[in-house]
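Since the structure comes first, as structure tokens, the remarks are kept for the end.
The values are calculated or read from the model by the stated rules, or taken from the named source; none is laboratory data. All values derive from a computational prediction rather than experimental measurement. With ideal geometry, Cβ positions are generated from the backbone for all residues, glycine too; neighbour counts draw on all protein chains shown. With ligands, DNA and RNA removed, areas are computed over all heavy atoms of the protein, side chains included. Shrake-Rupley method; radii C 1.70, N 1.55, O 1.52, S 1.80 Å.
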Amino acid sequence: MNPQETSELLAALMRQEELLKQLVASINKPKLGLHNDAGNCKIYCNRHNGYMWYTLSNSEPQAVAATALTGYLRELRFEKCERRGKEVHKLLATIQAERTYILESGHDTQFAKGLLAAIASLTPEQLYSPVTLQPQPGTDEAVLFCRVWVGSELIMTSYGEESNWREISKQALAVTKTAASMVF
């Protein structure tokens, strides 16, 4: 490669980098004007109310009609909270899309296990791309699974009674944290 070709290549790469920075800045801009998307949107991932996933509006469950959510996985965390007068542990997944979504499921549900196992099998570089989460009903009326896609690839993982959920959880949290700390 001669010096002029090298110079042209560097100039093209610098233009590409600038365009990428502009794209990231536009994605991170808040919506302007009137809209109904202020704050986070919490989505409950369970089949307690006859839906696969739902939000609450004035304490009433509202079905989420969409069959999948695509965005950037920004955080996974476990939280203790009170539900129906009992202390419970929840898995919270924060997804950044056109707004911030927080998906909540029981920490030991099939939905949480599927999500954790899939994310633990990924690299931080894979999480640098958007993921798609898709609730999948089980044959039992109470069971809800979570399918995870990276691009058009379904992330297939297996788990069972012998799975070490503490280690799987640690790996999923570490991968997510590393991906979230990566910069362009």
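Details
- Theoretical ellipticity at 222 nm over the chain - DSSP helices of four or more residues, -39500 (n - 2.57) apiece, nearest 500: -10000 deg cm²/dmol
- Of interest is the spacing of the C-alpha centroids, which for the stretch 138-153 and the stretch 40-62 amounts to 17 Å.
- The simple Förster model, with R0 at 22 Å and r as the Cβ-Cβ distance, assigns VAL88 and GLU60 a FRET efficiency of 0.60.
- Just the protein heavy atoms count here, and of the accessible area of the chain at 1.4 Å, carbon and sulfur take up 52 percent.
- A simple rule links phi to the HN-Hα coupling: the Karplus curve 6.51 cos²θ - 1.76 cosθ + 1.60 with θ = phi - 60°, which for the stretch 48-60 gives 4, 10, x, 10, 6, 8, 7, 10, 10, 10, 6, 6, 9 Hz, with x for Gly and Pro.
- Residue of GLN22, GLN110, GLN136 that the Gaussian network model of the chain assigns the largest fluctuation, springs spanning Cα pairs under 10 Å: GLN22
- Vicinal HN-Hα couplings computed from phi for the stretch 5-10 (Karplus, 6.51 cos²θ - 1.76 cosθ + 1.60; Hz; Gly/Pro x): 5, 4, 4, 5, 5, 4
- The chain, relative contact order [Cα under 8 Å, separation at least 6], %: 20
- Kirkwood hydrodynamic radius (C-alpha pairs) into Stokes-Einstein, the chain, 37 °C and 0.692 mPa s, D in µm²/s: 179
- Max mean-square fluctuation residue, GNM over the chain, Cα-Cα springs under 10 Å, options TYR159, TYR54, TYR72: TYR159
- When every Cα-Cα distance of the stretch 110-184 is counted in 5 angstrom steps from zero, the calculated P(r) takes the values 3, 16, 26, 24, 18, 9, 3, 1, 0 percent.
- Amide H contacts of ARG147: GLN134, GLN136, each under 5 Å away and 5 or more positions distant or on a separate chain (H built 1.01 Å from N in the peptide plane; Pro and chain starts excluded).
- Of ASN58, ASN49, ASN40, the one that fluctuates the most in a GNM where the chain has Cα springs shorter than 10 Å: ASN58
- Our summary gives the stretch 113-153 a relative contact order of 43 percent, counting only alpha carbon pairs under 8 angstrom and 6 or more residues apart.
- Over the stretch 101-184, relative contact order from alpha-carbon pairs under 8 Å, at least 6 apart, %: 36
- Principal axis dimensions, the stretch 56-161 - Cα atoms, whole angstrom, descending: 40, 37, 26
- Per residue, the chain exposes 65 Å² of accessible surface when a 1.4 Å probe is rolled over the protein heavy atoms with every protein chain present.
- Taken over the chain, lysine pairs spaced eight or more positions apart, or on distinct chains, with alpha carbons under 27 Å apart number 24.
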